[in-house]
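Report on one structure; see the data block that follows.
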Amino acid sequence: MYFFGDSAAAASRALGMRAVLGAGIIDFPTVAGKTADEYLGNAERFIGKWKETASFHTSIAPHAAHTCSPETLRKSKALADHLDVPLHMHLSETQWEVDDIVSRMAKTC
C-alpha cells in the first residue's frame, strides 16, 4: 500500500518475494498525485504493468475511510472490480478513527 509501487514491485520481483502490492489512493495531494482521480489513474497503470507477475499480486488500496471520501471509495471499488483485483484498506485501527467515522457517518465501517 501507499506509493512508489513500481519500486516495490521491482524489488519484490528481484527478490522473488511474495506480496500483495496495493496502489495507494487518498483524497489529498502528495508527491505521488494531486487528486483522487489522479491516484486512480496511477493505480490502473500500475496494475496494468504488474498484474501478471507470478511472485506477487496487485490490488487497489484506498488508504482508509478517514483519508478517502465515500465517492473515492466507490470509485476504488469500481476500479478493483473492473480490473479483477482485490481491494485493500485500513479500517478501525484506532479509537480516534472509529470515533471520526461514527461522527461523520453515524455508523462504523
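Laboratory data are not the source of any read-out in this text; all were calculated from the coordinates shown. From a predicted model like this one, the values you see are computed outputs, not experimental measurements. Glycine gets a Cβ as well: all are built from the backbone with ideal geometry, and neighbour counts include every protein chain shown.
Going Cα to Cα from Lys34, which lysines come in below 28 Å? Please leave out same-chain ones fewer than 8 positions away.
Reachable lysines: Lys49, Lys51, Lys75, Lys77.
Taking the beta-carbon count within 10 Å as an exposure proxy, list Ser55, Ser76, Ser12 from fewest neighbours to most.
Ascending Cβ contact count within 10 Å gives the list Ser55, Ser12, Ser76.
Taking the Cα centre of region 5-105 as origin and charging only Cβ (+1 Lys, Arg; -1 Asp, Glu), how large is the dipole, in debye to the nearest 20? If you can, show how the numbers build up before the last one.
Details: 10 positive and 13 negative charges, 73 e Å.
In total the dipole reaches around 340 debye.
If you add up the charges near Asp37, with Lys and Arg at +1 and Asp and Glu at -1, over every other residue whose beta carbon is less than 12 angstrom from its beta carbon, what do you get?
Spelling it out: positives minus negatives among the neighbours equals -2.
What is the sum of charges around Ala8, taking Lys and Arg as +1, Asp and Glu as -1, for the other residues whose C-beta is under 15 Å from the C-beta of Ala8?
After counting each charged neighbour, the total is +4.
For each of Ile25, Ile101, count neighbouring Cβ atoms within 10 Å of the residue's Cβ, then give the residues from fewest to most.
Fewest to most other Cβ atoms nearby, the residues stand as Ile101, Ile25.
Report the Cα centroid-to-centroid distance between region 1-32 and region 76-103 in angstrom, as an integer.
Spelled out, the Cα-based centre of one part sits 17 Å from the other.
222 nm [θ] for the chain, helices only, -39500 (n - 2.57) per DSSP H run of 4+, per residue, to 500?
Here the helix-only value at 222 nm equals -15000 deg cm²/dmol.
Rounded, prolate or oblate: which fits the chain when a ≥ b ≥ c are the square roots of the eigenvalues of the alpha-carbon gyration tensor, with rounded for a/c under 1.5 and prolate only if a/b beats b/c?
Details: a/c = 2.05, a/b = 1.80, b/c = 1.14.
It is prolate, given that a/c is not under 1.5 and a/b is the larger ratio.
Would you mind ranking Asp81, Asp100 by Cβ crowding within 10 Å, fewest neighbours first? Don't jump to the answer; show the numbers that get you there.
Working: Asp81 11, Asp100 14.
Listed from fewest to most nearby Cβ atoms, that is Asp81, Asp100.
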